[in-house]
Amino acid sequence: MTIPFQKTRYDARLAASRADVLACQRLRHACFFGGPGVDADPFDPMCNHMMVETAAGDLVATVRFFEWSGGADVHQG
């Protein structure tokens, strides 16, 4: 379940579709590589993607994170 959060002119929500994740990957590519493209890697399917959008629906920020069920999920090498 996605619960959107709105503060002033920005909305924050979790990606809810493949299109949302693709938008996050495109924004990452634009930020890290300075142009159009898709920044995708094997971690994307395992992560949640947080999206920050303007009231008009423009994606302005994204972060991905992996949720662990507990500390036992953290492995030391």
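The values are calculated or read from the model by the stated rules, or taken from the named source; none is laboratory data. None of the values given here were measured: they were computed from a predicted structure. Positions of Cβ are generated from backbone atoms using ideal geometry, with glycine treated the same way; all protein chains shown enter the neighbour counts. Accessible surface is based on the protein model in full, side chains and every heavy atom, while ligands, DNA and RNA are left aside. Shrake-Rupley method; radii C 1.70, N 1.55, O 1.52, S 1.80 Å.
Just one of (1) in a loop (DSSP other than H, G, I, E, B); (2) touching a Phe, Trp or Tyr at 6+ places or on another chain (Cβ under 8 Å) trips up Arg13, so point out which.
(1)
Please enumerate the residues belonging to the range 18-73 that are among the hydroxyl-bearing types (Ser, Thr, Tyr) and open to solvent by 90 Å² or more (accessible area, probe 1.4 Å).
Across the range 18-73, the qualifying residue is only Ser69.
Looking only at the range 33-54, count every residue that is of a type in the set (Phe, Trp, Tyr) and more than 13 Å from Arg64 (Cβ to Cβ) and tell me the total.
1
Among residues belonging to the range 52-61 that are in contact (Cβ under 8 Å) with a residue 40 or more places away in the chain and not in a loop (DSSP other than H, G, I, E, B), point out the one that is nearest to the chain's Cα centre (by Cα).
Checking each candidate, the answer is Val52.
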